[in-house]
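S.K.: Quick one: this structure, given as C-alpha cells, is what I'll be asking you about.
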Amino acid sequence: MTLARRPAPWILAVVAAALLGACVPAAVAERLGSPAAQALERTAQEAFHRMELGRLRLGAYTTNVLVDLELPRGARWTLEAFDGQDYRLRVEGDAVEGVAWLVSPRGVRRVIVR
C-alpha cells in the first residue's frame, strides 16, 4: 500500500498565483481595446514624435514641445527622467486603470501597473 504524499505549500502557492494571474490579461486586454486606451496610446505616440522633432530642430530633447500636446479627458503625462540626451515620460489616464505608456527615445511601450 502506498500513501499519497501531500504537495508542498509553496507548490500550492505557485499554482494559485498562476491561476489568478491568468485572469489579469483578459481584463487588461478588454481595457486596451477601449476608445480611451486608444486615445492614450495616440497621445503617447504624438509625444514621442514631438520629442524627436524637437531634438532634430534643437539638437537636444526639450519638454517645451509638449506644452500644447492635447490630452484626452482624465489623461496626464509625467516626466520620470530627463537630461537633454535621454528622457522617460509616462502617459496614463483615469479611464484606463492599470495600464500606462512609457515614452522614451526608444519609442512607446505599454506597461501594466499595479
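S.K.: Does the range 64-100 hold any residues that are among the small types (G, A, S) and in a strand (DSSP E or B), and which are they?
M.R.: A75, A81, G93, A100
S.K.: Inside the range 41-66, can you point out the residues that are touching a Lys or Arg at 6+ places or on another chain (Cβ under 8 Å) and over 15 Å from L79 (Cβ atoms)?
M.R.: E41, the sole residue that qualifies.
S.K.: Within the range 33-62, which residues are small (G, A, S), free of Cβ contacts under 8 Å to residues at least 60 places away in the same chain and surrounded by fewer than 17 Cβ atoms within 10 Å (Cβ to Cβ)?
M.R.: Within the range 33-62, G33, G59, A60 meet the criteria.
S.K.: Within the range 87-101, count every residue that is touching a residue at least 24 places away in the same chain (Cβ under 8 Å) and either under 11 Å from A47 (Cα atoms) or aromatic (F, W, Y) (or both).
M.R.: 4
S.K.: Still on this structure, please answer the following. Considering only the range 42-63, state which residues are outside any loop (DSSP other than H, G, I, E, B), touching a helix residue (DSSP H, G or I) at 6+ places or on another chain (Cβ under 7 Å) and closer than 30 Å to E97 by Cβ.
M.R.: Those that are outside any loop (DSSP other than H, G, I, E, B), touching a helix residue (DSSP H, G or I) at 6+ places or on another chain (Cβ under 7 Å) and closer than 30 Å to E97 by Cβ: A47, R50, M51.
S.K.: If you don't mind, there's one more thing I want to ask. Among the numbered conditions (1) under 15 Å from L40 (Cβ atoms); (2) assigned to a loop (DSSP other than H, G, I, E, B); (3) of a type in the set (K, R), tell me where R114 comes up short.
M.R.: (1)
S.K.: Could you list all residues from the range 63-73 that are among the hydrophobic types (A, V, I, L, M, F, W, C) and touching a residue at least 24 places away in the same chain (Cβ under 8 Å)?
M.R.: Within the range 63-73, L69, L71 qualify.
S.K.: Quick one: count up the residues across the range 75-114 that are more than 12 Å from the chain's Cα centre (by Cα) and of a type in the set (A, V, I, L, M).
M.R.: 4
S.K.: Still on this structure: Taking E80 and the conditions (1) touching a Lys or Arg at 6+ places or on another chain (Cβ under 7 Å); (2) surrounded by 14 or more Cβ atoms within 10 Å (Cβ to Cβ), which numbered condition does it fall short on, given that it satisfies the others?
M.R.: Going through (1) touching a Lys or Arg at 6+ places or on another chain (Cβ under 7 Å); (2) surrounded by 14 or more Cβ atoms within 10 Å (Cβ to Cβ) one by one, E80 breaks only (2).
We did not get these values from a lab; they are worked out from the coordinates using the rules stated. Owing to the predicted nature of the structure, the values given are computational and were not obtained by experimental measurement. All Cβ positions, glycine included, derive from the backbone under ideal geometry; neighbour counts span all protein chains shown.
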